[in-house]
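*Asks:* Shown below is the structure under consideration.
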Amino acid sequence: MSDQLLRLKTLQAYGAEREHVFPSKTSLAWFLRQHKPALIQAGALLMITGRWFVDPEKFDDYVISEGRSAAARHDREPGE
C-alpha cells in the first residue's frame with residue numbers, strides 16, 4: 001500500500017492529534033470553513049468514499065503557512 005494512503009487520517013483523528021493547535025472540534029471546524037478551498041487545492045483535505053480525510057503533512061504545512069501570513073498581517077495592523 002502506498003505511504004501516501006497510509007498517512008491519511010480522518011478529520012477526527014487529525015484533530016485529536018493536534019489539540020494543542022485546535023483545542024476543540026469547533027476550532028477545527030472554523031478553520032476548515034475559513035480555508036476549505038485552499039486546503040483542497042493544497043492536497044491537504046480529500047474526499048474519499050464520501051468521507052473527509054486529511055493528509056497530515058500537507059495540512060500541517062498549510063496551517064504553518066497560514067499562521068505566518070496571519071502573523072504578518074497582524075504585525076502591520078495600526079494601533080497595536
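Where a number appears in this text, it was derived from the coordinates with a stated rule and is not lab data. From a predicted model like this one, the values you see are computed outputs, not experimental measurements. Neighbour counts run over all protein chains shown; Cβ positions are idealised from the backbone, glycine included.
*Asks:* Along the charge dipole of the chain, which of Ile64, Val54, Val21 sits closest to the positive end, that is, farthest toward it, with unit charges on the beta carbon of Lys, Arg, Asp and Glu (+1, +1, -1, -1)?
*Replies:* Val54
*Asks:* What's the angle, to the nearest 10 degrees (0 to 90), between helix 56-76's Cα axis and the longest principal axis of the chain?
*Replies:* With rounding to tens, the tilt is 10 degrees.
*Asks:* Calculate I(q)/I(0) for the chain by the Debye formula, one identical point scatterer on each C-alpha and no solvent, and give its log10 at q = 0.12, 0.15 Å⁻¹ to two decimals.
*Replies:* So the normalised log intensities work out to -0.38, -0.56.
*Asks:* By how many nm would the segment from Ala72 to Trp52 grow when fully extended, if each residue of separation counts as 0.36 nm and the alpha-carbon distance is taken off?
*Replies:* Between Ala72 and Trp52, full extension yields 4.2 nm more.
*Asks:* Next question, about the same structure. Suppose R0 equals 25 Å. What FRET efficiency, 1/(1 + (r/R0)^6) with r the Cβ-Cβ distance, do Leu8 and Gln34 give to the nearest 0.05?
*Replies:* Calculated value: 0.70.
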